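Scroll down for the structure; my scribbles are underneath it.
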Amino acid sequence: MDWINAVIQGVLLGGLYALFAAGLSLIFGVMRLVNIAHGDLIVLSAYLALTVTTALGLHPLLALIIVVPGMALVGYTLQRAILNRTMGDDLLPPLLVTFGLSVIIQNALLAGYSADPQKLQAGEIETASVALGSIALGVMPLIVFATAVVVIAALQWMFYRTALGRAFRATSDNQDIAQLMGLNRAHVFGLAMGLSLAVTALAGVFLGMRTSFDPAAGSARLIFGFEAVIIGGLGNLWGTLAGGVILGVAQTLGAKINPGYQILAGHLVFLAILAIRPRGLFPRIDG
């Protein structure tokens, strides 16, 4: 039962990793943009939630009402004002710009909040659990996993059932033709980044409720997000969820063998899958 419990806890942890990765998968699928600052934007969301909860006395889940639209606005503005100027055939300029943005965010948070670890206080929900036979499932991990499934299902529906999704897919397939057909490429990219950071805000708040964070915590979240995206297949949203679950299960099983193997086990599984399936387990199918 201990091993079964470890697998179940890994699946639930994978929901958080899927939220880390969903924003990355979205913007790569639409813009072919690799956002090095993604992990720091997750941490920025957590700090924004900390500021809102402290100033207004709101529960972190209620703070999402402010944090999610706020981060979406940040994403749209960031894309229109800076990143759109670097987009083109060469992948290096946006890579360098997002790297610089990562450094700026880390140092700004360090100056504004200090290096002390912080945590979002969620009250009783942090320790509440439900019994599944002899296994106790935390309410908070269940909420995170359910949110990840709902978010990815909503993004998948939006991509294939709405006008905005058609605009995303058309721009992704051929930017020049989409522009000729009347789509404003800069606006579409801005909406994609805004939507990506809205999902990132969810991930940041759940991260802050689950564990402590500090200005330097973004690097590890970026790695977990990248690994989940690549395991599942670049641009495949359901694959991203599967990748997060695989990564989470690998880590909890590694920790079961030896607590020091938790992170290493996830990296080893990532490398093994990358060696066998370089495009991931569920590569994106266009069309």
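The values are calculated or read from the model by the stated rules, or taken from the named source; none is laboratory data. No experiment lies behind these values; they were computed from the predicted model shown. Virtual Cβ from ideal backbone geometry, glycine too; neighbours counted across all protein chains shown. Heavy atoms of the whole protein, side chains included, go into the accessibility calculation; ligands, DNA and RNA do not. Shrake-Rupley method; radii C 1.70, N 1.55, O 1.52, S 1.80 Å.
Being farther than 18 Å from Phe20 by Cα and either part of a loop (DSSP other than H, G, I, E, B) or in contact with a His (Cβ under 6 Å, 6 or more places away or on another chain) (or both): is that true of Leu274 here?
The answer is no for Leu274.
Tell me which residues, restricted to segment 213-249, are assigned to a helix (DSSP H, G or I) and either without any contact (Cβ under 8 Å) to a residue 24 or more places away in the chain or polar (S, T, N, Q) (or both).
Hits for segment 213-249 are Ser219, Thr240.
Say we look at segment 126-165 and pick out the residues that are open to solvent by 60 Å² or more (accessible area, probe 1.4 Å) and among the hydroxyl-bearing types (Ser, Thr, Tyr); which of these is farthest from Val199 (Cα to Cα)?
Ser134
Which residue out of Ala198, Ala203 is closer than 26 Å to Leu50 by Cα, buried (at least 22 other Cβ atoms within 10 Å of the Cβ), modelled with pLDDT of 90 or more and touching a Leu at 6+ places or on another chain (Cβ under 7 Å)?
Criteria check complete, one pass: Ala203.
Residue check: is Ala275 more than 27 Å from Gly88 (Cα to Cα), at pLDDT 85 or above and open to solvent by less than 60 Å² (accessible area, probe 1.4 Å)?
Taking the combined requirement at face value, the residue does not satisfy it.
Among (1) loosely packed, with under 14 Cβ neighbours inside 10 Å; (2) of a type in the set (Phe, Trp, Tyr); (3) touching a Lys or Arg at 6+ places or on another chain (Cβ under 9 Å), there is one condition Phe189 misses while meeting the rest; what is its number?
Exception for Phe189: condition (1).
Out of (1) open to solvent by 50 Å² or more (accessible area, probe 1.4 Å); (2) modelled with pLDDT under 95, what's the single condition that is false for Leu48?
So the condition that Leu48 fails would be (2).
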